[in-house]
Amino acid sequence: MKILILDDKPERQAEFRSHAPADSVVVFAQTPAEAIALLEQQDWDLVFLEHDLGGGLFLAENDPRSGQRVAEWLASHPERMPKRTVLHSPNDEGRSRMHLVLPEAISLSHAWTFPISEPKRDSHSLPIYYPLEDE
């Protein structure tokens with residue numbers, strides 16, 4: 001599994017890495033520009049997008065440090081859309097703005113609560129996400 005993570009906080013990067021499957025390729029982007037360049041270069045199975053980057057908190061959607069730039073880029077380049085996208089940010093307003101642009105994305109305040117795994121389906125064909133240990 002190829003995983004791209006837009007997050008510039010070393011402690012969160014360590015948390016992501018600890019939850020990734022052993023056989024996955026995990027690449028971190030520190031800035032929206034880096035993330036877009038990586039999205040242009042190859043296909044990704046899973047992409048995590050943080051909203052507030054570059055030391056900023058509660059960034060405006062037009063701030064060049066905001067993950068909003070990547071969400072808008074993905075929306076305008078559907079051929080580069082990953083299999084799954086997770087929006088993660090404790091900034092509820094910023095995360096909600098990204099979700100408006102990428103409504104199919106999963107939105108969480110803390111991404112590492114999301115298991116990095118393929119969904120299993122219940123009898124009603126709804127995706128149910130289980131911790132990696134249950135796979």
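Every number in this text was worked out from the coordinates using simple rules, so none of it is lab data. Predicted model, so just to flag it, every value in this text is computed and none were measured. Backbone-built Cβ (ideal geometry, glycine too); neighbour counts: all protein chains shown.
Couple of notes before you dig in:
- Sequence of S18, S24 once ranked by neighbouring C-beta atoms within 10 Å, starting from the fewest: S18, S24
- Rg over Rh, two decimals, segment 7-68 (C-alpha only, Kirkwood Rh): 0.98
- With the cut-off at under 16 Å, measuring from each backbone N in segment 16-30 to a point 7 Å along the Cα-to-Cβ line of K83 picks out 20-27.
- 3J(HN,Hα) from dihedral phi, segment 25-34, Karplus parametrisation 6.51/-1.76/1.60, rounded to Hz, x for glycine, proline: 9, 10, 10, 9, 10, 8, 9, x, 4, 4
- Each residue in D23, D7, D63 was given a count of other beta-carbon atoms within 10 angstrom of its own, and listing them fewest first yields D23, D63, D7.
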